[in-house]
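The values are calculated or read from the model by the stated rules, or taken from the named source; none is laboratory data. Please read these numbers as outputs of a predicted model, since none were measured by experiment. Note that we place each Cβ from the backbone using ideal geometry, even for glycine, and neighbour counts take in every protein chain shown. Heads up: the accessible areas ignore ligands, DNA and RNA and are worked out on the full protein's heavy atoms, side chains in. Shrake-Rupley method; radii C 1.70, N 1.55, O 1.52, S 1.80 Å.
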Amino acid sequence: MTKMIDHHMMAVMMGEMCIERAIHPELTTMCQDIVANQTAEIETMQAWLQDWYGITYEPDMNSDSMSHLMTLYGADFEITFMRTMIRHHSRAVREGARCVERAYHPELVSMCTDIVQAQLEEIQTLRTWLCQWYGICRSQTGGIG
C-alpha cells in the first residue's frame, strides 16, 4: 500500500498541474477525476495501514518527473502529460495486478481490481486522444504512447 500511496500522490500532483494547463476540456475533466479518485484511495489506504497494522504513512515524493512538465504549456504540455500518465498508469496496472494476486484483505483486493480497470480505461482514452488531437498514434503491436 505504501508504494501505491506514493504512486497515487505523484498522479495527484500531475493531475493538479493538468487542471491548470490542459487545453482540451476532456483532459481537464479526466485530470479532475484522477485527483479526486486517487486522493480518496490514498486516504483509504492510509486508514487501512493505520487500522490493520498500526502504521501512519505519508507519501514519499520524488518529483524529478514533474520538473520537465512544469516547464511546458499548451500542446507540448498535453502531449508530454498524456505520454507520462500512460507510463505512470502502466506501472500502477502492474502493481495493482500483483496486489490482486497477493493481498489478504478483500477490501484491498477489490480496490486493486478497481485501480487496474480504471487505469487501463484511462490509458486507452489517453492513447485515443494523442492520436485524435495530435496525430500520435501507436500501432496495435508496439509503443506505449
Worksheet item: Checking V109 against (1) part of a helix (DSSP H, G or I); (2) exposed (fewer than 12 other Cβ atoms within 10 Å of the Cβ), which test does it fail?
Response: (2)
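Yes/no per residue for (1) in contact (Cβ under 8 Å) with a residue 60 or more places away in the chain; (2) closer than 20 Å to W133 by Cα:
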site	(1), (2)
M10	yes, no
G15	no, yes
E20	no, yes
H24	yes, yes
M30	yes, yes
A36	no, no
Item to complete: Find the residue count for region 42-61, including only residues that are of a type outside the set (A, V, I, L, M), out of contact with any helix residue (DSSP H, G or I) (no Cβ under 6 Å at 6 or more places or on another chain), touching a residue at least 24 places away in the same chain (Cβ under 8 Å) and open to solvent by less than 60 Å² (accessible area, probe 1.4 Å).
Response: 3
Response to the item:
Only unsatisfied item for K3, checking (1) within 16 Å of the chain's Cα centre (by Cα); (2) over 18 Å from A103 (Cα atoms); (3) open to solvent by 50 Å² or more (accessible area, probe 1.4 Å), is (2)
Worksheet entry | Count - residues of region 13-29 that are crowded, with 20+ Cβ neighbours inside 10 Å and in a helix (DSSP H, G or I) | 4
Item to complete: Would you check which residues across region 63-85 are in contact (Cβ under 8 Å) with a residue 12 or more places away in the chain and outside any helix (DSSP H, G or I) and list them?
Response: S63, M70, L72, Y73
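Per-residue answers, yes or no, for (1) in contact with a Leu (Cβ under 8 Å, 6 or more places away or on another chain); (2) under 20 Å from M17 (Cα atoms); (3) open to solvent by less than 60 Å² (accessible area, probe 1.4 Å):
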residue	(1), (2), (3)
R83	yes, yes, no
H88	no, yes, yes
R102	no, no, no
T113	no, no, no
Q117	no, no, no
E122	no, yes, yes
Worksheet entry | Odd one out for F77 among (1) over 14 Å from the mean Cα position of the chain (by Cα); (2) farther than 20 Å from E20 by Cβ; (3) at pLDDT 95 or above; (4) open to solvent by less than 80 Å² (accessible area, probe 1.4 Å) | (2)
